[in-house]
């Protein structure tokens, strides 16, 4: 395998050699670390990071001239300051001085350009956290909120995306499989995936176009996987957004999110993917896009199959090259599974306050239905949203009138209907104390022609009271007074499957999973 520096343009060999020496940065004793990718080279030096664009040209990126590389550097800084302003410091020229030497930001003629960044603790990169002791599940809601906030203010791009935008992705993947994937990816498998993806695109082209016209295609991140997320000040921070290709960056917001969901799913972090998915949809209420999730996940996995094969081709280390080739094949297989989702299902989990139904719903959701797991519709969260407050804001008694509760249950039923019609499984999480409420949610499944499972979680009053007393930072406002009211109410005949909720959460969750036939 050739050294990756051979994938360089005229004059870049000298620039790379120069930037690989401590003296380039005015600190001869400094340690210089180099990282190679298929489109850039990065040097880590002290408190700074310097990125050089390779003079390459692929179907999706063109850095072949110094003018293009400068424009790309400037765009990278501008776009990434939307989410990580403290990281992106500016653009620096590499200049040829009068004596023929090279300098960073010297007096001579620029011969190339660098993005200068502030260095952060690489241990906070989310891909490293995921590979190490574990990526804290508690970070996922904050991450989803950061993405939702970013998408909310991102500039709509009605001239991109839609049917043609996804066709461009699929065609580019097919070309990459044939060229960069040669000798790594199985050609018949690539052909089957391409055909299946084009068929799925045809089924959903009208929805894609409608979303484009409605402004759901925006100037997004474009490369939103775990390696491009870090912790800054304890907050999930997005960086390294795509600047070099509007077709990649200007996409449907759910396609942008799908890269992260696919990355988490591939790493078997299914609970993490499901929390991000549910929190994002809680914030955006973008249920109309659910039919597109299998297509978006498959295309994201296929992109990674292509780019992993491309990166392997310029990787000098044999073990890393072998790992990238194996990853490319895994991504290809994963893409195919996304395109064959199981039939959607509906489960409703009821029980008195403190029974553990919300915990069970969260535990069950990642293994229920197609990737990235079930949409969880929790009555407590929906009630808060209807009042326009955050889930942790406590409501007064006026928010719990029978009229308001009926609206909450109608909202759950309506959102479940939309999700099921979009091919996605749902878990409805509410008390469901009244027979009419239980009948109404079961009717949603019957109307959609899908399987319904009703679970009723039982636990003794003393356990319920103890759990409510121990709650903190929870969307539920229920306390001992609310529980006493529920205990005095006749719930009628409950014909749902009963689950013993008196045990620890692991045993209760296993019992619920067994009842609905989930892992």
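Separation of segment 86-125 from segment 18-45 is 10 Å, based on Cα centroids. Note on the chain: helix-only mean residue ellipticity at 222 nm, from DSSP H runs of 4+ residues weighted -39500 (n - 2.57) and normalised by residue number, equals -15000 deg cm²/dmol. As a rough guide to protection, the peptides 137-144, 451-458 ranked by mean Cβ packing within 10 Å, highest first, stand as 451-458, 137-144.
Helix 505-516 axis versus longest C-alpha principal axis of the chain: approximately 80°, rounded to the nearest ten. Note: relative contact order over segment 17-61, using C-alpha pairs below 8 Å and six or more positions apart, is 25 percent. Antiparallel beta bridges, as assigned by DSSP with both residues in the chain, represent about 65 percent of the total such bridges. Taking only C-alpha pairs under 8 Å that are 6+ residues apart, what is the relative contact order of the chain in percent? It rounds to 12 percent for the chain. Extents of segment 345-516, taken as max minus min of Cα coordinates on every principal axis and listed largest first, are 39, 35, 31 Å.
State, as an integer percentage, the relative contact order of segment 4-119 based on alpha-carbon contacts under 8 Å between residues 6 or more apart. After rounding, I find 23 percent. A crude spin-label estimate for the pair residue 105 and residue 191, with each label 7 Å from Cα along the Cβ direction, gives 5.5 nm.
Axis angle, to the nearest 10 degrees, between helix 66-80 and the longest C-alpha principal axis of the chain: 30 degrees. Averaged over residues, the count of other Cβ atoms within 10 Å places the peptides 309-321, 390-402 in the sequence 309-321, 390-402, highest first.
Which angle from 0 to 90°, rounded to the nearest 10, does the C-alpha axis of helix 253-266 make with the longest principal axis of the chain? Long axis of 253-266 versus the principal axis of the chain: about 90 degrees.
Every number here is computed from the coordinates shown, using simple stated rules; none is lab data. What you see is a predicted model, and the numbers here were worked out from it, not measured in a lab. As a convention, Cβ positions derive from the backbone with ideal geometry for all residues, glycine included, and neighbour counts pool all protein chains shown.
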